[in-house]
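Below is one structure, written out as C-alpha cells, with a few remarks after it.
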Amino acid sequence: MGKKLKIVLPPEISEDEIEVSDEDLQFVNDNRDYAGFVSTLDTQSITRHVNRVADVKEDALESLYEKRLKKKSLEKEKEENVLEVDRVDALPVKTLDGKLYYRTVPKISQESENATSGDLDIGDHEADGVDKSLVKLTKVEKRAKLKRMKREAKKQPKEVAKVEEVQQAPLAVVLAEVEKEITAEEANERQKYKLAELGTALLMDPESNIKSLKEMLQISKEGDHSIAVLGLKSLLAVFKDIIPGYRIRLPTEKEQEMVVSQAVKKMRFYESTLLSVYKTYLQRLIALEKQSSFKRVAIRCICTLLDAVPHFNFRESLVAAVIQNISSPDDVVRKLCCATVKSLFTNEGKHGGEATVEVVQWIAEYVKAHDCQLHPDSIEVFMSLSFDEDLGRAEMSTANNKVRNKKTKKRKDFEDPQQLQENGKKKSRQELISKTRNEVNADFKAASFTQDVRERKRMQSETLSAVFQTFFRILKHTMLSMTARPGGVSSSSAGASGGHPLLAPCLNGIGKFSHLIDLDFMGDLINYLRKLAGGGNNSDSSLEKFSKQLTVTERLRCCIVAFKVMRNNLDALNVDL
C-alpha cells in the first residue's frame, strides 16, 4: 500500500553532444521571467537526494542498505506463509490508488506437522543429529509405522464427520429461530389478505361462498390480537350485509325427509350454515366481552348487530349483553350501549316493537337485581320511548260503530215483509261485495308490513307497565333507604350521586309520561312525592327527616313532577294537598 514511486532520471549526456537550436534560444529569451527559478536551484542537494540517502554519512550507508535487505526478506517470508482467503468469503479493501487487497490468514507449515510424526518414527536418531534419509528401519519399526498410519487413516473420516455434525447443529438452531421471527410477520400479512379475499367473495356471492364464513371465524380464533380484532370486524361487516330481513326457521325432521328441489336444498344449506356460524360468532363475542383487551371491540360489534338486525335470530343474547353493560364504569362502553337502546326505541319499524318490550323488561329486572344502584344513564334511555295516544280512541270508535250496527239491525227487523223481499236481492249483492272486500283486505295485510293495532297496543301496554314498575321501585327504594338511616345530616352531603343515583332520571320520566299513568296508582304516587318534597304538617318529624336527606334540587323536582301529574290528569283527579 505504502510503496514509493520510482524516480526516473534523464539519461546522462555530455555537453558536447547537446545541441541547442535557435528556436530554443529564442523561446528561453522570450520567457526569461518564467525560467528564473532554475538559476536558484541547489544542484548539489538534489543530486545527493537522488543518488543516495539524504543526510546520511558515507560510513552508515552500508548498514542502512543491509537493514533494508533484511526487511525485504522478512516481508517475502510473511507473504509466503500467508494464505489468501477465498474471495467469496471475505470482502477486499480498495486503496486510494485503485488496487484491491484481500484478507490473509497465516498458513500452518507442513514442516511443523511432520515434525511430531518424525519424532515418533526416528526416535533417538534425530536427537543424535542423524539424518532421517540415512537411517534404515527394522521390520518391527516398519510394522509399527504401518499400524500407526492405518489408525490415523481410520480416525480422519470420524473426525471430519464430527466436525460436520457440530457445524450443522448450530446452523439448524439459528435457521429455526430466524424462520419463527420471519414467519410470524408473514403469517399475519397472509391472514389479513385472506380475510379480505374471503370477505369480498362473500359480499359478491354469499350463497356460493357461504362456507367461507367458517374459515373467517377460524382465522379470528387462531391469530394474535390484531388479527382477532380484524377478523371480528370483518365478520361484522359481512353479517350486516348478508343477513336476511326475516328470522330463519330450520326445517323439522319431517320436512327434511320430504323430497324437495335443488333450489330448496341450496337455500336450506345456506340458511343453516349462516345461522350456525352466526351463533358461534355471538358466543365468541360474549366470551371476549369479559376480557379487558377485547371488551370494547366485542361490545361495539354486539351493539352494531343489535341496531342493524334486531329482527334476526338470537336477539335475546344480544339484548342481555347490552343491558349488562348499560351501567358500565367505562364511558365508551356505557355510551355505546345507551345509544343502541335509544336507537331501538326510536326505530321500532325494524323489529315491530318486540325488541322494545324485551329491552324495557330487561332493564326493569336489572334495576331490581342491583337494588337501584346503577348509573343514571341506564334509566335516562326511557326518555326516548314513544307511545301512541290514539289507540284508545280508535277502539272506542269501533265499539260505537258496533252499537250503531246493532241498532240498525233491530230497526230492520220491524220493517214490512214486502220491503224485506225487495231488500233480499240487495242484501245478497252486498254480502258478495263485503266478502270480496274482506278477502282483498286480508291479502293486503298479509303482504304489507303494517302491524295490527291490537298487537301494537298490547306491546305498548306491556312496555308502559314495565317502565312505571321501574319508576315506582326507585321511589319506594328511596323512601325505604331514608327511613333506614337514623340521621339525615350525615347523608345530606352525598345527595343524588351517593345514595339515590336513579332518583333524578326517575322523576324526569314520571313527568314525561304522567298523562299515561293509571288512576289507581295516582294516590300513592302523589303521596310519595309529597313525602319526598317535605310537605305536610310541621309536627311530623319523619317528613322533616325525608326533606333533610334530599337536596334542594331534588325536592323542587318532586314538586314540579307532582304539579305535572295533577295538570295532565286534572279532569279525573281530586286530591286534597
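What follows is calculated from the coordinates using simple rules that are stated; it is not laboratory data. This is a predicted model, so every value here is computed, not measured. Here the Cβ is made from the backbone with ideal geometry for all residues, glycine too, and neighbour counts use every protein chain on show.
A few remarks follow.
- Length released on extending from residue 433 to residue 388, taking residue separation times 0.36 nm less the Cα-Cα span: 12.9 nm
- Around residue 379: net Lys/Arg minus Asp/Glu count, Cβ-Cβ under 13 Å: +3
- Summed residue charge, Cβ within 11 Å of residue 316's Cβ, Lys/Arg positive, Asp/Glu negative: -1
- FRET efficiency for the residue 101 to residue 240 pair, using the beta carbon distance and R₀ = 60 Å, is estimated at 0.30.
- The stretch 182-295 - Kirkwood radius from inverse mean 1/r over Cα pairs (Å): 15.5
- Here the translational diffusion coefficient of the stretch 214-360 follows from Stokes-Einstein with Rh set to the Kirkwood radius across Cα pairs; for 37 °C and 0.692 mPa s it amounts to 200 µm²/s.
- Residue-wise HN-Hα coupling along the stretch 321-335, computed from phi with Karplus coefficients 6.51, -1.76, 1.60 (Hz; x: Gly, Pro): 5, 6, 5, 5, 10, 6, 10, 5, x, 6, 5, 5, 5, 5, 5
- Amide hydrogen proximity for residue 500: with H placed 1.01 Å from N in the peptide plane, no residue at 5 or more positions away or on another chain lies under 5 Å.
- Amide hydrogen neighbours beyond the local backbone of residue 248, cut-off 5 Å, H modeled: 313
- Most tightly packed first, judged by the mean number of other beta-carbon atoms within 10 Å of their residues, the peptides 230-236, 289-295 read 230-236, 289-295.
- Potential lengthening between residue 45 and residue 279 on full extension [0.36 nm per residue; Cα-Cα distance subtracted]: 73.8 nm
- Net charge, residue 282 excluded, C-beta distance under 11 Å - Lys, Arg +1, Asp, Glu -1: +1
- Estimated inter-spin distance, residue 19 and residue 483, nm [label 7 Å along Cα→Cβ]: 14.8
- Label-to-label distance, residue 203 versus residue 320, with points set 7 angstrom from Cα along the beta-carbon direction: 3.3 nm.
- Compactness of the stretch 254-317 as Cα Rg over 2.2 N^0.38 Å, two decimals: 1.48
- Using the Karplus relation 6.51 cos²θ - 1.76 cosθ + 1.60 with θ = phi - 60°, the per-residue 3J(HN,Hα) values for the stretch 507-522 come to 5, 5, x, 5, x, 6, 9, 5, 6, 9, 6, 5, 5, 5, 9, 5 Hz, with x marking Gly and Pro.
- Report note on the peptides 193-206, 456-469, 306-319: ranked by the mean count of other C-beta atoms within 10 Å, highest first, their order is 306-319, 456-469, 193-206.
- Protection proxy ranking, highest mean first, for peptides 256-262, 186-192, 24-30, 371-377: 371-377, 186-192, 24-30, 256-262, where packing is the per-residue count of other beta-carbon atoms within 10 Å, averaged.
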